[in-house]
Amino acid sequence: MSSARREGFLFLLGFALCIPAANWMIGHVGTVCAPGSPCLIPVAPGVMAPSGVVTIGAALVLRDLVQRRLGVRWAFGAVLSGAALSTLVAPPALVVASGAAFLFSELADLAVYTPLQRRGLVLAVLASSLVGLVVDSIFFLWLAFGSLDFLAGQVIGKAWMVLAALPVVHWIRRRDERLGRM
């Protein structure tokens with residue numbers, strides 16, 4: 001197995017681990033954890049978000065890297081499997097919201113990333129992740145809570161993770177060029 005393929009399976013594993021991590025965090029990790037409400041973390045001065053945002057932001061980037069290394073079929077399969085896994089590990093009150101938000105945001109990410117990937121990896125990851133994180137935030141908040149009260153926090157929190165990942169994505173692109181990959 002090539003090193004690029006092995007790397008793809010590591011990205012796939014990371015992607016899959018983001019799903020239970022996000023669902024666990026929302027009920028257990030935060031600076032504010034009120035009974036019956038998601039645990040919240042600060043994502044900007046005066047802006048709070050459910051804590052799972054950090055891992056969902058990472059999942060959007062990892063899905064793109066799975067597609068880069070393993071192809072669109074693997075990425076699409078990962079999205080479908082991830083949505084199913086999300087409904088299995090989500091707290092009962094969040095099953096529909098978690099599964100639907102995951103499915104639609106990752107499909108949006110895939111739809112934007114796929115045509116842009118040839119223009120540049122960093123641009124494709126940034127654009128597709130931004131679209132995916134907005135879709136995820138709107139679907140999740142509306143389905144879970146019937147409100148978009150935490151929309152700004154959701155978007156900001158996920159965007160921080162995407163921005164934090166971009167130097168790594170840039171490094172991967174440079175390394176791929178040096179090694180004559182994609």
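Structure notes:
- Only one entry in 97, 75 is part of a helix (DSSP H, G or I) and closer than 17 Å to residue 13 by Cβ, namely 75.
- Conditions (1) farther than 16 Å from residue 149 by Cα; (2) surrounded by fewer than 19 Cβ atoms within 10 Å (Cβ to Cβ); (3) in contact (Cβ under 8 Å) with a residue 60 or more places away in the chain; number of the one not met by residue 78: (2)
- Residue check for residue 179: surrounded by fewer than 16 Cβ atoms within 10 Å (Cβ to Cβ), modelled with pLDDT under 95, within 23 Å of residue 87 (Cβ to Cβ) and out of contact with any Gly (no Cβ under 9 Å at 6 or more places or on another chain): no
- Remark: residue 42 falls outside the filter, which requires a residue to be modelled with pLDDT under 95 and not in a helix (DSSP H, G or I).
- Within the stretch 45-69, the set of residues being outside any helix (DSSP H, G or I) and not small (Gly, Ala, Ser) comprises 45, 47, 48, 50.
- For residue 103, the conditions (1) in a helix (DSSP H, G or I); (2) closer than 19 Å to residue 8 by Cβ are fulfilled apart from (2).
- Filter result for residue 163 (in a helix (DSSP H, G or I), more than 14 Å from residue 58 (Cβ to Cβ) and without any contact (Cβ under 8 Å) to a residue 60 or more places away in the chain): no
- Residue check: residue 66 meets all listed conditions (1) of a type in the set (A, V, I, L, M, F, W, C); (2) farther than 19 Å from residue 160 by Cβ; (3) in contact (Cβ under 8 Å) with a residue 60 or more places away in the chain but one, namely (3).
- Pair list, Cβ under 6 Å, 6 or more apart: the stretch 5-31 residue part of a helix (DSSP H, G or I), other residue surrounded by fewer than 14 Cβ atoms within 10 Å (Cβ to Cβ) and among the β-branched types (Val, Ile, Thr): none
- Considering residues of the stretch 41-50 that are free of Cβ contacts under 8 Å to residues at least 12 places away in the same chain and closer than 19 Å to residue 141 by Cβ only, the residue farthest from the chain's Cα centre (by Cα): 46
- Selection status of residue 115, surrounded by fewer than 21 Cβ atoms within 10 Å (Cβ to Cβ) and modelled with pLDDT under 90: no
The values are calculated or read from the model by the stated rules, or taken from the named source; none is laboratory data. Source: prediction; values computed, not measured. Backbone-built Cβ (ideal geometry, glycine too); neighbour counts: all protein chains shown.
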